[in-house]
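To start, the structure itself, in structure tokens.
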Amino acid sequence: MARSENQTDNRSGDKSEAEDAAGKCPFSREAEEFDAFSDRYQSDPAEALRWSRDQKPVFFSPKLGYWVVSRYDDIKAVFRDNSIFSPRIALEKITPATPEAVEVLKTYGYAMNRTLVNEDEPAHMERRRVLMDHFFPENLEAKQEMVRRLTREKVDAFIDSGRVDLVEAMLYEVPLNVALHFLGVPEDDINVLRNFSVAHSVNTWGRPSDEKQLAVAHDVGQFWVYAGKIIERMKNEPEGTGWMHETIRKNAEMPDIVPDSYVHSMMMAIIVAAHETTSLASANMFKTLLSHRQAWEDICQDASLIPNAVEECLRYSGSIVAWRRQTTAKTRLGGVDLPEGAKLLIVQASGNQDERHFEDGDTFDIYRDNAVDHLTFGYGSHQCMGKNIGRMEMRVFLEEVSRRIPHLQLADQEFRYLPTTSFRGPDHVWVEWDPEKNPERQKPEIAGSEVHYPVGAPSRRDIARKVRVADVRWEAEGVLGLTLQDTRGRPLPDWSAGAHVELCVADYERKYSLCSRPGAEGYDLAILRDDGGRGGSKHIHETVRKGMEVKLRGPSNLFRLDETANSYLLIAGGIGITPIIAMADRLKALGKDYTIHYCGRSRGSMAHLVRLEQDHAGRLTVHAADENRRADLAGLVSALKQQGQIYVCGPERMISALEDLTVDLPEGILHFEHFSARDTGLDPEKEAGFDVELQDSGLSIKVAAYETLLDALHAKGIDVASDCREGLCGSCEVMVLEGDIDHRDKVMTRSERAGNRRMIACCSRSRNGGRIKLA
Ligand code: HEM
Ligand code: FES
């Protein structure tokens, strides 16, 4: 059967699903034509799905027989809920085996079974828990030296050559040896394993021709037999170290949790999980960095940038671009009804560039402070157990090569990729350099020096870009205006209306909305001096001068404008005008219907008035208290047009009033951002400690009166994203299953609080110290 006939096979197999889908949502041409094996998807999966992120974030692909999910939040929601979205198809062959290939596999006794990645609960978590120890950061720390040694041996071997294929010379073999070492598997026959790994990837995620299917089936069958032999050998070494030895011991101790079928299947799957993923990610990393020369030069000059550069490479060009789940019941995702049994291709590469989560998401930016939010390692209870090993290897590769060969260049070449739906990385990365210019020829000590990075995700606190204060001015009474530009004259990242940055001056880190005029060079901020606050704005007013260098994080956008509405009511209180003016600029550019209501003490204290009057004349109403012109919020809300939306930024009382006034309107009409957070400090005299049960990991933890839930989770090594730690950004949200929550955040709406399904871990607590249960 030829390749095109394979596609026909798939289509007919899922016909009823396709017809169902066609009945519910009209197929767009793009959905019908979507082909995960097309050159378009293979060469850039995120770009190939841009239309989907913008118009149809969940769609049925008749060619693939899968529902494709392309937006960040939807992908995360799928990863988060593994009871509705079962991982059971994660390792299923995406191209069904031909009967001949099935026969070949049988001759090898091939019986691939559930491992971890495709196991449902509760079996998965029981197993994951008993096999987790080797992956704890404190146990991985000791592996760094081995990774460094293996890497150096390779670099030493090619450093004087001037031209090399990095994949062949280092990136293939070192991750394989690291994986074998971690697993405790003998390092023999690397070349045999290479063929086997490729066969496993093609078999599971590729679209082999019929002829190829037979060859692949033989390789996979041999891989299976080989894995079985290794297990038998390892069983004779009861004192052996390494994760597979541990797995074999657990199999003997608790065969109901770690059964025989699991051990054999895992032996085969883990080699690919640990090796291919890291090799391909590292190849992508060098290709990406060497083709973004400024970023490469920056890390050569400052190796502390490496951990975040690795995360940005994993985000921008990860090695796992899509993963799979299947619905266990009818459900709704991204506004689309999914039937029970629907197969989902969740495209992390697309989510990783979704501008709804990553500002200017399709730009590569090693200073991006939320790069670590990427989904390349998955998310939730199945999240990659080996993520910190992969990270460690990538950092060491980059640190060694950028220190010893900073003049490295990508050679002219055409990059080739093995066509699969899920694994992505070039077969070769040819690089060139002049060995005469190797810095260690002048300074031999360079070869042996190193920068050590602690195991684990980089801290957001260590990431910032340097900017210069290009202009300082008075915007209004007590409001300082700043224009910031990159210190090296590079353009700063694009941003969208509602975005903010975090300005770092001395020990103060404060968030301010961006309010530059469209097309202006640099970032404009307007900073109100708040003498009653925590001192940040006062310090900025008193010390920041033109020409100074300061640090900046972001931009990020937590107050995003939904551009699909018909009309907009924009309301600003005082300095809350900063995101609102950016929204007004955007709506004007889009030709939308909008009005701005700007409330303040007096015109003299209201920033940006002149600009608003110039740019938004006819749309603007100023409510200055000293002119007795207070805004009639009730009247404004009742005059809201059909399908209109309200965006408000201002003091708490203004937002509460609008929440009261819109309580009977449908969800999603009122959008707000507070410009200050109060009452987040904890007073142990007044707080109570509480117990938390974590369903997924089965752990029980105690949150003391003096600490936050977020701190207690981090102390137990549980990855929960966080940013502001003040209840403002929503990034530390966790799922609540039981318990009465005292919500103290500024992000959730009243109805979300009443629903009691989620809580913000950095500030909210159990009410009255009662026990709570989280997912
Ligand atoms: C699971 C990616 C390196 C071991 C996964 C998953 C992804 C992934 C996408 C599925 C997550 C989910 O379903 O939510 C990667 C990438 C790597 C990498 C991109 C390198 C850059 C490693 C390494 C090891 C490893 C080095 C082991 C030494 C595992 C295991 C699971 C897994 C055991 C199954 C976890 C579970 O289902 O509970 N990985 N991986 N991975 N990975 Fe990795
Ligand atoms: Fe921002 Fe918790 S970290 S809301």
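None of the figures in this text is laboratory data; all of them are computed from the coordinates on show. What you see is a predicted model, and the numbers here were worked out from it, not measured in a lab. With ideal geometry, Cβ positions are generated from the backbone for all residues, glycine too; neighbour counts draw on all protein chains shown.
Glu563 versus Asn768, label points 7 Å from Cα toward the beta carbon: distance in nm?
5.0
Kindly state, to the nearest 0.05, the FRET efficiency for Leu737 paired with Val663, given R0 = 22 Å and r defined as their beta-carbon distance. Show your work: numbers first, answer last.
Values: r = 27 Å, r/R0 = 1.21.
Calculated transfer efficiency: 0.25.
If you stretched the chain out fully between Ser700 and Arg545, how much longer would it get, using 0.36 nm times the residue separation minus the C-alpha to C-alpha distance?
Extending this stretch completely gives an extra 50.7 nm.
Calculate the length of the line joining the C-alpha centroid of the stretch 77-140 to that of the stretch 166-227, in whole Å.
Computed from Cα coordinates, the inter-centre distance equals 17 Å.
What percent do you get for the relative contact order of the chain when only Cα pairs under 8 Å and 6+ apart count?
Working: 1386 pairs, mean separation 81.2, N = 775.
In percent, rounded to a whole number, it is 10.
Suppose a student asked you for the relative contact order of the stretch 379-497, using Cα pairs under 8 Å spaced at least 6 residues apart; what percent would you report? Before the final figure, lay out the partial values.
Values: 94 pairs, mean separation 22.4, N = 119.
Once divided by the residue count of the stretch 379-497, the mean separation gives 19 percent.
Can you put Tyr598, Tyr508 in order, fewest other beta carbons within 10 Å first?
Details: Tyr598 28, Tyr508 15.
In increasing order of surrounding Cβ atoms, one gets Tyr508, Tyr598.
Among Trp433, Trp296, Trp323, which comes first, second and so on when ranked by fewest other beta-carbon atoms within 10 Å? List each step's numbers first, then the result.
On the way: Trp433 19, Trp296 22, Trp323 26.
Taking fewest neighbouring Cβ atoms as first place, the list is Trp433, Trp296, Trp323.
At most 11 other Cβ atoms within 10 Å and a DSSP loop assignment: could you name the GluC sites (Glu not before Pro) in the stretch 350-432 that fit? Don't jump to the answer; show the numbers that get you there.
Details: sites: Glu355, Glu359, Glu393, Glu399, Glu400, Glu414, Glu432; in loops: Glu355, Glu359, Glu414.
Here the sparse-neighbourhood loop sites are Glu414.
Using r as the Cβ-Cβ distance of Gln642 and Glu232, and R0 as 60 Å, what FRET efficiency do you calculate, to the nearest 0.05? Each step should come with its number before you reach the end.
Working: r = 71 Å, r/R0 = 1.19.
That pair, Gln642 with Glu232, gives E of 0.25.
Taking neighbour counts of Cβ atoms within 10 Å as a proxy for exposure, in what order, fewest first, do Phe364, Phe79, Phe59 appear?
If I rank by nearby Cβ atoms, fewest first, I get Phe364, Phe79, Phe59.
Using only the alpha-carbon atoms, how far is helix 190-205 inclined from the longest principal axis of the chain? Give it as 0 to 90 degrees, nearest 10.
60
Rounded to the nearest 0.05, what FRET efficiency do Arg29 and Ser291 have when you use their Cβ-Cβ distance and R0 = 30 Å? Please list the in-between numbers first.
Numbers: r = 32 Å, r/R0 = 1.07.
So the FRET efficiency works out to roughly 0.40.
Which order do peptides 43-55, 234-246 fall in by mean Cβ count within 10 Å, highest first? Working shown, then result.
Numbers: 43-55: 18.6, 234-246: 15.4.
Final packing ranking: 43-55, 234-246.
Roughly how many nanometres apart are two label points built 7 Å out from the Cα toward the Cβ at Ile257 and Arg473?
6.6
Can you give the local net charge around Met735? Use residues other than it whose beta-carbon is closer than 13 angstrom to its beta-carbon, Lys and Arg +1, Asp and Glu -1.
Surrounding charge for Met735 is -1.
Given 0.36 nm per residue, what is the gain on full extension from Glu239 to Glu145 after removing their alpha carbon distance, in nm? Please report the intermediate quantities before stating the final value.
Values: separation 94, 0.36 × 94 = 33.84 nm, distance 2.24 nm.
So the chain would gain 31.6 nm between Glu239 and Glu145.
What list of whole percents do you get for P(r) of the stretch 90-215, with Cα-Cα distances grouped in 10 Å bins up to the one holding the largest distance?
Pairs per bin, as whole percents: 10, 27, 32, 23, 8, 0.
Tilt of helix 144-158 relative to the longest C-alpha principal axis of the chain, in degrees (0 to 90, nearest 10)?
70
Using the basic label-point model (7 angstrom from Cα toward the beta carbon), what is the Glu685 to Gln413 distance in nanometres?
That separation, rounded to one decimal, is 6.7 nm.
What angle, in degrees between 0 and 90 and rounded to the nearest 10, separates the Cα long axis of helix 277-290 from the longest principal axis of the Cα atoms of the chain?
50
Please report the antiparallel percentage of DSSP beta bridges with both residues in the chain, rounded to the nearest 5.
Values: 60 of 89 bridges.
For the chain, the DSSP antiparallel bridge percentage is about 65.
Please quote Rg/Rh for the chain to two decimal places, taking the Kirkwood radius as Rh and restricting both calculations to Cα atoms.
Working: Rg = 27.8 Å, Rh = 28.4 Å.
Result: Rg/Rh = 0.98.
How high is the relative contact order of the stretch 27-67? Use alpha-carbon pairs under 8 Å, at least six apart in sequence, and give a whole percent.
Values: 31 pairs, mean separation 19.5, N = 41.
This gives 48 percent for the stretch 27-67.
Can you show me the helix-derived [θ] at 222 nm for the chain, built from DSSP H runs with n ≥ 4 at -39,500 (n - 2.57) apiece and divided by the number of residues, rounded to the nearest 500.
Details: 30 runs with 284 residues, N = 775.
Rounded to the nearest 500, the figure is -10500 deg cm²/dmol.
What order, most packed first, do the peptides 570-580, 624-634 have when packing is the mean number of other Cβ atoms within 10 Å of each residue? If you can, show how the numbers build up before the last one.
Details: 570-580: 26.6, 624-634: 13.2.
By packing density, highest mean first, the sequence is 570-580, 624-634.
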